[in-house]
Amino acid sequence: MKPYRLVRQSRAYPVYIGTGLLERVGELVGGGGKPFLLVPAALAECYGATAAGSFDQIDVITFDDGEGRKTLETANALITALLERGARRDSVAVVVGGGMAGDTAGFAASIFLRGIDVVHVPTTLLAQVDSSIGGKVAVNHPKGKNLIGSFHVPRAVISDVETLDTLPPAELLSGVFEALKGGIIADRVLFERIVEGHELLFADSGATRTELLTDIVRRAVDVKADIVSEDEREGDQRRLLNYGHTVAHGIETAMNYQGITHGEAVAWGMIAANAVAECRGVLPREACNRIDRAILDLRPRELPPLDRDVVLAAMGHDKKFTGTKRVMVLARDVGRCEIVEDVTAAELELAVDAVV
Ligand SMILES: NC(=O)c1ccc[n+]([C@@H]2O[C@H](COP(=O)([O-])OP(=O)(O)OC[C@H]3O[C@@H](n4cnc5c(N)ncnc54)[C@H](O)[C@@H]3O)[C@@H](O)[C@H]2O)c1
Ligand SMILES: [Zn+2]
């Protein structure tokens, strides 16, 4: 089967996007050493079993997911299980699940015997459009998220959009915001597809919805893959992917990662960044309104009252360094963003005040 595209990083890897792929994981992974399927217990019976059934033989290792379990302990438990079941340097870890699973099991695979091959089979929209692409894997530390990690480019990524049919609406919405982000950064058509299709996206499953989801995943993967691929790496373009993330990080920290999905935090973060961009005159008011309206029409949950100083502190804003310059990604139009390195303290405050 022909992949949707190849991503060229330290190695080139195929990304498959479509339907009926879970049944073909074994075929798409290809030969090599003994395969291991790593899957959260909650997904083991449905998606784990289907993917496992596509192999002649595979060892299945389950673990509990949830952001609170994205830890060194979980990664270590996976490594212990791999050792006990005889995994070796040429074994391949096939990881089925959302971003938590991909990050945690991917990290375990990246350090096990100095790294074994990993194949991502993402089952959330966020994981399909974002976390499975690019090679970053990590677990959390009590002092912060994703502080223990590595860079481990996968052997392949297999995204079966039919798995999204069972995704809770809040998780779907989280991924939609990351996809919308990709549209605003570099693909106006992706932005339009989401805006025009948003009712269909949250309707019951059906062929038209699956087609729309396939298109959205493909386009969002293209945006991220183009940015992370090595031939395109001029300077540090990867930072473009942080559009909306400066303030999002502050919001998530102030809320202790409770009562908000990552995508929703990014949604408010994009609105916050747009306020700065519009004030600077880089983003015309009309484009700013279009983007903000598209975000609000998708209905991110309202933010509770937050401590402005906590949000600012988490964004790296320190009153002692009022004079120093900071980096933010600002939109210039739908489909075009830029990295701005001279953001002032006052602008960071303006961003936060726009949404908090
Ligand atoms: N490595 C990267 O580049 C990168 C990028 C973005 C985010 N991330 C990480 O991704 C994580 C978030 O990932 P996420 O949003 O996928 O959340 P998640 O992995 O925590 O999954 C959310 C919930 O959905 C469930 N689930 C997964 N697939 C399902 C399906 N098809 N049907 C029903 N339920 C399903 C999971 O069991 C879980 O309860 C964070 O830890 C974040 O740091 C990493
Ligand atoms: Zn994000």
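The values are calculated or read from the model by the stated rules, or taken from the named source; none is laboratory data. Predicted, not measured: the structure shown is a model, and the values here were computed from it. Positions of Cβ are backbone-derived with ideal geometry, glycine not excepted, and every protein chain shown enters the neighbour counts. What goes into the accessible areas is simple: the full protein's heavy atoms, side chains included, and nothing from ligands, DNA or RNA. Shrake-Rupley method; radii C 1.70, N 1.55, O 1.52, S 1.80 Å.
Summary of computed values
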{"quantity": "Ratio of Rg to Rh over the stretch 29-76 (Cα coordinates, Kirkwood Rh, two decimals)", "calculated": "1.02"}
{"quantity": "Prolate/oblate/rounded call for the stretch 119-237, Cα gyration tensor, a/c under 1.5 rounded", "calculated": "prolate"}
{"quantity": "Signed unit charges on C-beta, dipole axis of the stretch 62-131, positive-most listed residue Met100, Gly86, Ala75", "calculated": "Gly86"}
{"quantity": "Percentage, to the nearest whole number, of Cα pairs in the stretch 187-251 over 16 Å apart", "calculated": "59"}
{"quantity": "Cα pair distances in the stretch 250-297, grouped into 5 Å bins until the bin that holds the longest one, percent each", "calculated": "5, 22, 26, 18, 15, 10, 4"}
{"quantity": "More than 12 angstrom apart: percent of Cα pairs within the stretch 62-113", "calculated": "60"}
{"quantity": "Length added when fully stretched, Leu113-Arg89, from 0.36 nm per residue minus Cα-Cα", "calculated": "8.0 nm"}
{"quantity": "Accessible area, probe 1.4 Å, largest first, for residues Leu201, Leu72, Leu28", "calculated": "Leu72, Leu28, Leu201"}
{"quantity": "Rough spin-label spacing in nm, given labels placed 7 Å along Cα→Cβ, for Glu230 and Met255", "calculated": "3.9"}
{"quantity": "Reachable aspartates and glutamates from Lys70, criterion Cα separation under 16 angstrom, eight or more residues apart if same chain", "calculated": "Asp103"}
{"quantity": "Highest-first arrangement of 79-91, 4-16, where packing means the average Cβ count within 10 Å", "calculated": "4-16, 79-91"}
{"quantity": "Exposure of Glu23 as accessible area (Å², to 10), given a probe of 1.4 Å and all protein chains", "calculated": "110"}
{"quantity": "Summed residue charge, Cβ within 10 Å of Tyr4's Cβ, Lys/Arg positive, Asp/Glu negative", "calculated": "+2"}
{"quantity": "Stretch gain in nm, segment His141-Asp297, where the contour uses 0.36 nm per residue and the Cα spacing is subtracted", "calculated": "52.7 nm"}
{"quantity": "At least 20 Å along the helix axis (C-alpha) and Kyte average at least 0.5, DSSP helices within the chain", "calculated": "169-186"}
{"quantity": "Average accessible area per residue (Å²) across the stretch 276-356 - probe 1.4 Å, nucleic acids and ligands excluded", "calculated": "55"}
{"quantity": "Formal net charge of residues neighbouring Leu113 (Cβ-Cβ distance under 10 Å; K, R +1; D, E -1)", "calculated": "+2"}
{"quantity": "Kirkwood-type radius of the chain, with distances r between different C-alpha atoms, in Å", "calculated": "20.7"}
{"quantity": "Fraction of antiparallel bridges per DSSP, the chain only, in percent to nearest 5", "calculated": "40"}
{"quantity": "Length added when fully stretched, Glu196-Thr344, from 0.36 nm per residue minus Cα-Cα", "calculated": "49.7 nm"}
{"quantity": "Compactness index (Cα Rg / 2.2 N^0.38 Å), the stretch 260-355", "calculated": "1.06"}
{"quantity": "Environment charge of Leu296, counting only residues whose C-beta is closer than 12 Å and scoring Lys/Arg +1, Asp/Glu -1", "calculated": "0"}
{"quantity": "Anisotropy class of the stretch 138-184 from Cα gyration tensor, a/c 1.5 cut", "calculated": "prolate"}
{"quantity": "Shape box of the stretch 30-188 [Cα atoms, principal axes, largest first, Å]", "calculated": "47, 38, 26"}
{"quantity": "Computed label-point distance, nm, for sites Glu286 and Arg332 using a 7 Å Cα→Cβ extension", "calculated": "1.8"}
{"quantity": "Estimated inter-spin distance, Gln57 and Asp307, nm [label 7 Å along Cα→Cβ]", "calculated": "5.8"}
{"quantity": "Protein-only accessible surface order, largest first, of Arg280, Arg293 at 1.4 Å", "calculated": "Arg293, Arg280"}
{"quantity": "More than 19 angstrom apart: percent of Cα pairs within the stretch 181-329", "calculated": "60"}
